[in-house]
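The values are calculated or read from the model by the stated rules, or taken from the named source; none is laboratory data. From a predicted model like this one, the values you see are computed outputs, not experimental measurements. Note: ideal-geometry Cβ built from the backbone for every residue, glycine included; neighbour counts use all protein chains shown.
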Amino acid sequence: MLHFTALVLAGDRPGDDPQAGAIPGRKALLPILGRPMLEHVLSALKGARQVGDVFVVANRVQKIQTGLKAGDTAHKKVRFLEGGGSPASSVLMALEKLKLPMPLLIVTADSPLLQADEIDYFCEKSIGLKGVDATVGMIEKSKFSVRHPDIKRTFISLKGEGYKACNIFALLTPGAKSGVQFWLKIEKDRKNVLAMVAGFGLGAMLAYVFGTLTLDRAFERASKVIGAEFQPVIMANPDLAMDVDTLAHAVVVEEIFSKRDQS
């Protein structure tokens, strides 16, 4: 079986303001049901058949490592790496300096709801796409709104549906590196949808503004601009759109865990 190397982005962004609801301290160690958020992600990776080695990358990574229980880092070959100044720069470092092998699965420490079977589904779908350099996990807004009608998350409104990336990515070929380099250029605009769309050119921005941009056209345009073939993988579980950016999000995630345990 072809195994993915997993890279877990567990660093903190500079400038996060606790007064604005950001998580104080090390975000990856925020307790969710009494366990650091990162431990939930590592447990999911441990149970995934498609995952081999696991690398956790973060700024001041030693503090992340010491904040975890030994049992949660002993499985497989979990290693801790000092990261770059941002998520994109950390991924680029992993490719260029550390030369981590592909296929490379990228997940984030703030996605504690991710489960092993969902990781396997994403990996299998990604590998099954022919001629593709990289994939992005996506959630449909309509499904999320039905499941969580009172929760607001940022979705990109496209023709017929809205979508949100759910912090799971696959780099399948060396060509995917150009996508990481492009990500490095636009990641400062991650909360500004229009600015991000504008990064793909005037045509994409106008199509978005006038409501004619579909998901397929968006990825077709992005692939052309980046110079590598990117494709979406639609994930079935809308809960995966609930990454934890604030303390309020953490409360919602704990409620989802409670409902999951009761079902």
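Can Arg49 be described as surrounded by fewer than 22 Cβ atoms within 10 Å (Cβ to Cβ), in contact (Cβ under 8 Å) with a residue 40 or more places away in the chain and more than 16 Å from Phe169 (Cα to Cα)?
Working: surrounded by fewer than 22 Cβ atoms within 10 Å (Cβ to Cβ): yes; in contact (Cβ under 8 Å) with a residue 40 or more places away in the chain: yes; more than 16 Å from Phe169 (Cα to Cα): yes.
When the stated conditions are applied, Arg49 passes them.
How many residues are free of Cβ contacts under 8 Å to residues at least 12 places away in the same chain and not in a helix (DSSP H, G or I) if we restrict to region 85-133?
Number satisfying all stated conditions: 3.
Return the total of residues in region 128-173 being of a type outside the set (A, V, I, L, M, F, W, C), closer than 17 Å to Gly227 by Cα and buried (at least 22 other Cβ atoms within 10 Å of the Cβ).
Narrowing region 128-173 to residues of a type outside the set (A, V, I, L, M, F, W, C): 128, 130-131, 133, 135, 137, 140-143, 145, 147-150, 152-154, 157, 159-164, 167, 173.
So of that shortlist, the ones also closer than 17 Å to Gly227 by Cα come out as 130-131, 133, 135, 173.
Retained after the next criterion (residues that are buried (at least 22 other Cβ atoms within 10 Å of the Cβ)): 133, 135.
The total comes to 2.
Given the options Asp243, Asp239, name the one that is part of a loop (DSSP other than H, G, I, E, B), charged (D, E, K, R) and modelled with pLDDT of 90 or more.
The conditions single out Asp243.
Can you find a residue in region 134-146 that is part of a loop (DSSP other than H, G, I, E, B) and touching a helix residue (DSSP H, G or I) at 6+ places or on another chain (Cβ under 8 Å)?
So far as region 134-146 goes, no, none of its residues is part of a loop (DSSP other than H, G, I, E, B) and touching a helix residue (DSSP H, G or I) at 6+ places or on another chain (Cβ under 8 Å).
Please state which one of Arg153, Arg147 is within 15 Å of the chain's Cα centre (by Cα) and more than 17 Å from Val8 (Cβ to Cβ).
Details: Arg147 fails: within 15 Å of the chain's Cα centre (by Cα).
Arg153 is the lone residue from the list that is within 15 Å of the chain's Cα centre (by Cα) and more than 17 Å from Val8 (Cβ to Cβ).
Please go through region 147-159 and pick out each residue that is in a loop (DSSP other than H, G, I, E, B) and either touching a strand residue (DSSP E or B) at 6+ places or on another chain (Cβ under 9 Å) or under 22 Å from Thr212 (Cα atoms) (or both).
Answer for region 147-159, where residues must be in a loop (DSSP other than H, G, I, E, B) and either touching a strand residue (DSSP E or B) at 6+ places or on another chain (Cβ under 9 Å) or under 22 Å from Thr212 (Cα atoms) (or both): Arg153, Thr154, Phe155, Lys159.
Mind listing just one residue for me: the one in region 30-59 that is part of a loop (DSSP other than H, G, I, E, B) and not hydrophobic (A, V, I, L, M, F, W, C) and, of those, nearest to Phe4 (Cα to Cα)?
Gln50
Of everything in region 92-118, what is within 21 Å of Glu254 (Cβ to Cβ), surrounded by 19 or more Cβ atoms within 10 Å (Cβ to Cβ) and not small (Gly, Ala, Ser)? Give them in sequence order.
Val107, Thr108, Asp110, Pro112, Leu113, Leu114, Glu118
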